[in-house]
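Working notes, beginning with the structure itself.
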Amino acid sequence: MKMTYKTSLVIAVVAILTSTTSCKKLLQEEPRSELYPSYFTSAGGVKAGLTGVYRDLRDLYTNEGQIYFYAGTDEWMPGGSSSSQGVTLNNYNGINSSIGTAGFGGLFTDINTLNGVLQFAETAELDAATKKEYIAQAKFLRAWIYFYLVQSYGGTTATEKSGIPLRTTFNTEASSADSPSPLVDIYKQIILDFTDATADLPLVINSSNKLSPVGKTATAATAKAYLAKVYLTRGYLSEVAESTDFRKAADLTTEIIRDKASYNLDILQNYNDVVKPSGDYGRETMFAIDFGFTDPTFSGYGQNPSGGFGINLFPVLFRWNYVTAVGVDNATGIDAVPQRINTSKQPMVRDVYGGRPYNRLAPNGNYATNVAFVNQNNDTRWDATFQTFWICNKANVPAGLTSTGTSKGALIPTTIASITSYQYPINGDTAILMPGVEVTMARRDAFKGIIISPRQYSNVVHPTLKKFDDILRTGMNDFSSRPVVLMRFSEVYLINAEANYMLGSFAEAATSLNIIRERAAYRTPADGLYIPKGQFSVTSANMTAANAANALAMRLTPAQISQLSVPNNTTDINVRCGMDLILEEYSRETYGDPRRWYDLVRTRQLVRRVKMFNTAGAANVQPYHMRRPIPQVQIDAVKTGTPYPQNNGYN
């Protein structure tokens, strides 16, 4: 492939973080895009190389390219304002070498930077402890990037003719020749790097760690968890799997859980605290990519004129247009199709709390609300994950009409709404309510606002993912400066459950699932302030007893335990198996995190579950869609020797 070096990312960080002679020489050299071996022998050069790669990882999670993690799965469908690429990825009709790629070229630039660190850092002007940690970080990052790439694009096997190249040495000259590497070799290198990293990474992140501030960087536990995930992933790939893969994944995650105190890790008692900004760097967060709030040294970002402060678009991608999509009038046949819930009496205006509606992705009601989150009473993760009601923030909204044409009474707006700060609307009437259950017309007519029931959910009107909301935003069009969490400690339990399930150790799988499920039963009185009436809530007087009873209700039922013992079924859409239970638990625990396509690909469930739940993609999805197409820019860059092949099935 054409090896180029990303001045806009790595060199920019180099210029900021160091003032060494070699850095000055680097920035004066032509071509400016090259990194020289001598650079990585300087203390600043090694640190800047690693920091630059951490910064580059944000490119995967910064803009609307994030749809590649969600589109074409069971959880999501294109929102009403989706791009054409989002629709294509979801429908599995027309995906080609120009669609469905994310981060291919830039990540190979980062791999080359890491190769430079690993090749030359041993002679760098660093103390032994720092050098050891930097080398471990470089190995972790190289393994993480290759793991992302191989999951996305694969490698060559007897039946798969293309994939990604494997590069482990530093290149100083561009090449116009390249070829995909064997899948077995790629996985061996990933496992080697993660294994080495577990030995030398710190146990915990604190002020003494050498790469601060770049988010919650890798620790020994993070490397071990990803190593377990690599073994788990390889275990499903028959052409390269080893017989011990699932066993190793189970044992590694058991070790992490056993030693969690040493790593200052644990699942929090209250799931609501996991998804709040206060939990971003807490005990449950294992690996997070920072976006920087007031840290130009790392982030290099200030106010964004087109979208406010911060560059993390997560809070806006999943937000429907609550401002103009609904009014407050009822009508006979309101639940009929096509749905009739719009009027000219909109009860909302945009404010900081409500946020900016991009509506690029919408929950797929066939699965998200009807299956994964069907238990919205006992399971607090629904309310922690989704916003399901909106308080009127607009003055003088005309009174809505009932289905018979009489007045419902005028809405009283909140006095808390703000266009300069994030404020919870603690007073005012509810303008829009999504109760999660069907309601009678009498209930609708008695409600001054509009009620939207599950049968009315669509890609235009739907519950909004709120777990990424940024309370530090100061403008109603702002994006976010919160980090993107890529590994949570709860995933260690889920990996453990999945590995044990694949080993046939169903009781052990159930134990890990029940730990996660019982945690999801916990609620405090304060949590109940922001949920619809009728959902599970507690008072200070009954909290202990109510939470204990709810935890029992959340344990796997005998029917679910029986289903858990049904072996993995990747083809028959009419037979439920244990993997369905596990994937549904992943949904509830990590909904909205950038991962679902990879969960379905890893478990070989993509085709089956798209056919089960994704109406638009069911007719077109094929097994070859479990790899993304090789980007056309990669194919075009190879001009010498054998042309670079495309992945099977794609043009």
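Every number here is computed from the coordinates shown, using simple stated rules; none is lab data. In this text the structure is predicted, and so the values were computed from the model without any measurement. Here the Cβ positions follow ideal geometry from the backbone for every residue, glycine too, while neighbour counts run over all protein chains shown.
The order of Glu239, Glu498, going from fewest to most other C-beta atoms within 10 Å of their C-beta, is Glu239, Glu498. Annotation: the residues Val437, Val326, Val633, sorted from fewest to most other C-beta atoms within 10 Å of their own C-beta, follow the order Val437, Val633, Val326.
Could you list log10 I(q)/I(0) for the chain at q = 0.10 Å⁻¹, which the Debye formula gives when each Cα is one point scatterer? For the chain, the Cα-only Debye profile gives -0.96. Principal-axis analysis of the Cα atoms of the chain puts helix 578-590 at an angle of about 80° to the longest axis. Would you mind checking the stretch 512-528 for residues with the amide N under 20 Å from a putative spin-label position 7 Å along Cα→C-beta of Lys260? In the stretch 512-528, the label zone of Lys260 (backbone N under 20 Å from the point 7 Å along Cα→Cβ) covers 512-524. Calculate, for Glu173 and Val566, the FRET efficiency according to 1/(1 + (r/R0)^6) with r their C-beta to C-beta distance and R0 56 Å; round to the nearest 0.05. Between Glu173 and Val566 the formula returns 0.55. For the pair Arg443 and Ala241, the difference between a 0.36 nm per residue extended length and the Cα-Cα distance amounts to 67.1 nm. Say each of Lys276 and Thr511 gets a label point 7 Å from the Cα, pointing the same way as Cα to Cβ; how far apart are those two points in nm? Roughly 3.2 nm, to one decimal.
With a Förster radius of 56 Å applied to the C-beta separation of Thr406 and Asn366, the computed FRET efficiency comes to 0.95. Electrostatic tally near Val601: other residues with Cβ closer than 10 Å to its Cβ, Lys and Arg +1, Asp and Glu -1, net +4.
Summarising the amide proton neighbourhood of Leu401: residues at separation of 5 or more, or on other chains, whose placed amide H is nearer than 5 Å comprise Asp329, Asn330, Lys408. One compactness figure for the stretch 527-593 is 1.50, namely its Cα radius of gyration divided by 2.2 N^0.38 Å.
Given their separation in residues at 0.36 nm each and the Cα-Cα distance between them, Ala331 and Asn377 gain 13.7 nm when the chain is fully extended. For the stretch 314-479, what class follows from the C-alpha gyration tensor (a ≥ b ≥ c being the square roots of its eigenvalues): rounded when a/c is under 1.5, otherwise prolate if a/b is larger than b/c, else oblate? Since a/c reaches 1.5 but b/c is at least a/b, the shape of the stretch 314-479 is classed as oblate. Close amide H partners of Ile450, meaning residues 5 or more places away or on another chain with modelled amide H under 5 Å apart, are Ile432, Leu433. Report summary: the helix-based calculation at 222 nm, which adds -39500 (n - 2.57) for every DSSP H run with n ≥ 4 and divides by the residues of the chain, gives -10500 deg cm²/dmol.
Cα gyration tensor of the stretch 156-199, axes a ≥ b ≥ c as square roots of the eigenvalues: rounded (a/c below 1.5), prolate (a/b > b/c) or oblate? It comes out oblate by the Cα gyration axes.
Among Phe468, Phe140, the order by Cβ neighbours within 10 angstrom, fewest to most, reads Phe468, Phe140. Within a straight-line Cα-Cα reach of under 12 Å, Lys639 can be paired with the following aspartates and glutamates, leaving aside sequence neighbours fewer than 8 residues apart in one chain: Asp178. Database remark: amide H of Ala362 closer than 5 angstrom to the amide H of Met77, Gly79 (H placed geometrically; neighbours at sequence offset of 5 or more, or on other chains; Pro and chain starts carry no H). Listed values for the stretch 628-634 are Karplus-derived 3J(HN,Hα) couplings in whole Hz (6.51 cos²θ - 1.76 cosθ + 1.60, θ = phi - 60°), namely 7, x, 4, x, 4, 5, 5, and x replaces Gly and Pro. Would you please classify the overall shape of the stretch 403-494 from the alpha carbon gyration tensor, given that a ≥ b ≥ c denote the square roots of the eigenvalues, rounded means a/c under 1.5, and beyond that prolate means a/b larger than b/c while oblate covers the rest? The shape class here is oblate.
Legend: calculated FRET efficiency, Lys132 to Lys639, from the Cβ-Cβ distance at R0 = 41 Å, rounded to 0.05, equals 0.50.
Taking 7 Å steps out from each Cα toward its Cβ at Val575 and Thr474 produces label points 6.0 nm apart.
Residue separation of Thr123 and Thr324 scaled by 0.36 nm, minus their Cα-Cα distance, works out to 66.2 nm of gained length.
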